[in-house]
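To start, the structure under review is shown below, and the notes come after it.
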Amino acid sequence: MLARGCPDPSRIHLKASVVLLASLMLLSIAARSHADCGMSPLGGVQEGNVVWGLKDSLSACPAGDSVLAGHPCRLRIALYYFDSNCNPKVGVPPESIWVTIQSTTGNLKVNDEGAKVFADDSTDGAGLARITVPSFSGFGSVTVRLTVSGAGQGNKTASVRTADFDASGRVTLDDYLPSPPACDLNYDGSKDNNDRSLVLPHAVGLHWHRNALFGTPVRRTMACSYCPPRSLGTLGGDYSWSPNGRMFALSIFDTNYVGGNDCTINLVPADPSVGNLPARFTNPPAGFHDYSPAWSPVGDRIYWERQDSDIIYKGIWGQSTDTTTHTLSISGILANNTLEDTAISPDGNTIAFHNQVANGGFRIFTVPVSGGQATRITPDTAGIVYDQFPRWSPDGTTIVFYRQTYPSGNTPVAVVYKVPASGGTLIILVTRQYCPCRNTRPTGQESRFAAILQGIRLRTCSCGQCGAI
Ligand SMILES: [Ca+2]
Ligand SMILES: [Ca+2]
């Protein structure tokens with residue numbers, strides 16, 4: 001769930017600073033420790049080695065998205081931490097900075113948090129750290145108690161009102177239908193249809209606490225988020241981590257050939273301190289798309305697909321002596337038919353993919369990473385079905401894939417199967433109706449099938465609700 005409409009994180013610092021400044025003037029009885037430095041990063045008189053504040057009066061949804069402009073949708077706590085010489089304490093880890101949260105009035109609940117909520121990250125160069133609580137249900141108030149390096153820093157209270165009035169964990173019509181509503185969600189002093197109208201979009205979307213993002217997202221690409229899909233500067237929608245986690249490969253519509261904007265594979269550092277600019281890794285011929293990158297498990301090559309018909313790889317400079325581009329020669333499949341979804345086995349020896357077969361459906365195949373004879377993994381006896389998105393189990397013995405069928409009319413059904421990696425009996429893992437609203441979600445097509453096998457954990461999307469099963 002994207003937290004659309006939430007305050008821009010870059011503005012939080014300023015808002016927190018204002019709160020902190022107010023806190024400095026009011027904190028005459030606040031807990032203090034160590035030196036009185038006589039000044040603070042915000043001006044005025046510093047009251048202790050830690051100064052902190054929070055933004056009050058939340059109008060929230062358990063999914064963490066915004067409800068009412070001007071009111072925060074998440075509880076954000078900001079603090080500055082100094083040493084006894086009044087220098088910022090830099091790099092103090094999150095496990096040393098945490099709050100406890102206690103609901104004190106109403107039916108307010110904090111969703112999915114342990115006894116302590118830790119800082120989003122270590123203190124920065126100014127001694128600043130933030131703590132975020134992204135999901136509440138019900139409405140009422142909480143008391144927040146901060147601890148830094150083992151020393152209590154006192155408490156503050158916050159009023160939190162959510163669209164999940166009955167604190168069920170999910171916003172439904174049960175929250176919307178009662179009139180007058182249970183909660184003055186917009187803080188205007190009355191419970192009326194204005195509050196209900198704020199609830200409705202979240203009730204229709206069935207927003208719930210499992211949609212909330214925890215932690216602090218760090219933007220790693222500057223691709224256009226509002227441009228039409230497939231236009232210049234937008235993401236292709238697929239990516240692959242390097243084995244050491246320091247880089248990832250992704251596709252971007254980043255060239256402007258006569259034939260249109262073509263996807264290329266690009267490399268991006270995972271850590272912003274390494275850099276922010278994507279480095280183009282592939283240069284497809286004009287009018288061709290490169291996509292579906294798959295980083296080899298030993299880290300020396302990246303495989304990808306070109307124009308639905310070829311699997312290509314190239315060695316990575318510094319990791320492989322061969323950095324030229326190679327196209328796999330694959331026999332045993334229909335040439336120039338839909339060939340997509342490269343997935344490399346954990347041992348790096350085999351590629352799974354899907355390919356169109358004679359009846360028009362798709363099947364899962366495997367082929368050695370050096371090319372050669374393809375092996376059909378899913379049988380061709382099922383009629384016109386569409387087997388896609390193969391994923392390997394960590395031990396390499398099993399492949400999970402997604403099959404789309406049309407058992408009645410035009411209503412597709414999605415079924416997730418597993419099958420031995422050498423072929424054999426299919427076993428159904430999950431059956432879901434096709435998600436008609438998937439196109440409203442840029443990544444819906446991917447999120448309806450991302451599977452991690454072994455201890456089987458699947459993530460599927462069903463009409464706007466995504467969750468692990
Ligand atoms: Ca509810
Ligand atoms: Ca109201």
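Quick look at the numbers
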{"quantity": "Kirkwood-Stokes translational diffusion coefficient of segment 149-214, alpha-carbon pairs, 25 °C, 0.890 mPa s, µm²/s", "calculated": "186 µm²/s"}
{"quantity": "Per-selection metrics, segment 331-405 (Cα): Rg and Dmax in Å", "calculated": "11.6, 33"}
{"quantity": "Net +/- balance of residues flanking D290 in space, Cβ distance below 15 Å, scoring K and R +1, D and E -1", "calculated": "-3"}
{"quantity": "Peptides ranked, highest mean first, by Cβ atoms within 10 Å: ranges 164-177, 236-249, 123-136, 319-332", "calculated": "123-136, 164-177, 236-249, 319-332"}
{"quantity": "Segments 143-151, 155-163 sorted - mean Cβ within 10 Å per residue, highest first", "calculated": "155-163, 143-151"}
{"quantity": "For E305, E113, order by how many other beta-carbon atoms lie within 10 Å, fewest first", "calculated": "E113, E305"}
{"quantity": "Segment 136-192: relative contact order in percent, alpha carbon pairs under 8 Å with at least 6 residues between", "calculated": "30 percent"}
{"quantity": "Alpha-carbon centroids, segment 290-350 and segment 75-129: separation in whole Å", "calculated": "45 Å"}
{"quantity": "Long-range amide H partners of D121 with built H, under 5 Å", "calculated": "R130"}
{"quantity": "Which of W392, W317 has the fewest Cβ neighbours within 10 Å, and the rest in rising order", "calculated": "W317, W392"}
{"quantity": "Around S331: net Lys/Arg minus Asp/Glu count, Cβ-Cβ under 14 Å", "calculated": "0"}
{"quantity": "Cα point-scatterer Debye curve for segment 220-322, base-10 log of I(q)/I(0) at q = 0.17, 0.20, 0.21 Å⁻¹", "calculated": "-0.74, -1.01, -1.10"}
{"quantity": "Radius 13 Å from Cβ of S179, net charge of other residues (Lys, Arg +1; Asp, Glu -1)", "calculated": "-2"}
{"quantity": "Packing-based exposure ordering (other Cβ within 10 Å, fewest first) of C263, C224, C73, C61", "calculated": "C224, C73, C263, C61"}
{"quantity": "Value of D in µm² per second that Stokes-Einstein yields for segment 187-245, Kirkwood Rh from Cα pairs, at 20 °C (1.002 mPa s)", "calculated": "133 µm²/s"}
{"quantity": "Descending semi-axes in Å of segment 260-382, equivalent ellipsoid built from Cα gyration tensor", "calculated": "27, 17, 13"}
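Just so you know, all these numbers are worked out from the coordinates, no wet-lab data involved. No experiment lies behind these values; they were computed from the predicted model shown. In this analysis, Cβ positions are derived from the backbone assuming ideal geometry, glycine residues included, and neighbour counts consider all displayed protein chains.
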